[in-house]
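The values are calculated or read from the model by the stated rules, or taken from the named source; none is laboratory data. It should be emphasised that the depicted structure is a prediction, and the values quoted were computed from it without experimental measurement. Counting neighbours? That spans all protein chains shown, and the Cβs are built from the backbone with ideal geometry, glycine included.
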Amino acid sequence: MLRKCLTLLLLSASSAIAGEVPVELQNGPGRELTENTCSACHSLDYIRMNAPFLAAEQWKAEVTKMRKAYGAPINDADADSIVHYLTVTYGAAEKP
């Protein structure tokens with residue numbers, strides 16, 4: 001897992017050097033935690049790309065997958081904060 005994170009980090013660093021604009025997430029409670037935690041292994045573009053499709057349960061499943069399948073070192077309290085931030089800020093709107 002650490003090897004994958006380091007590889008992704010190096011790849012994203014080389015993209016930044018090539019003139020890529022860094023991704024900034026929308027303001028809201030939990031933004032800094034989410035940026036710091038998620039960007040350790042992948043681009044924050046993934047959040048914005050998935051935003052139109054993921055509601056609360058899907059965001060929770062994504063964070064759980066990152067923890068359990070990929071070994072992301074996120075404790076329960078931080079996971080809850082990240083899911084809340086993603087749901088409130090980027091959650092797919094419920095259709096009536």
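Considering 72, 79, the condition of being touching a helix residue (DSSP H, G or I) at 6+ places or on another chain (Cβ under 6 Å), assigned to a loop (DSSP other than H, G, I, E, B), buried (at least 17 other Cβ atoms within 10 Å of the Cβ) and not charged (D, E, K, R) is satisfied by 72 alone. Taking the stretch 11-37, which residues are modelled with pLDDT of 95 or more, outside any loop (DSSP other than H, G, I, E, B) and surrounded by 14 or more Cβ atoms within 10 Å (Cβ to Cβ)? Selection gives 31, 33, 34, 35, 37.
Within the stretch 44-71, no residue that is within 19 Å of residue 25 (Cβ to Cβ) and touching a residue at least 40 places away in the same chain (Cβ under 8 Å) sits with its Cβ atom under 7 Å from a residue that is among the acidic types (Asp, Glu) and surrounded by 14 or more Cβ atoms within 10 Å (Cβ to Cβ) at 6+ positions apart or across chains. Residues in the stretch 38-57 that are in a helix (DSSP H, G or I) and surrounded by 15 or more Cβ atoms within 10 Å (Cβ to Cβ): 38, 47, 50, 56. Would you confirm whether or not the stretch 82-94 contains a residue that is out of contact with any Ser or Thr (no Cβ under 8 Å at 6 or more places or on another chain), of a type in the set (Asp, Glu) and part of a helix (DSSP H, G or I)? No, there is no match, as no residue in the stretch 82-94 is out of contact with any Ser or Thr (no Cβ under 8 Å at 6 or more places or on another chain), of a type in the set (Asp, Glu) and part of a helix (DSSP H, G or I).
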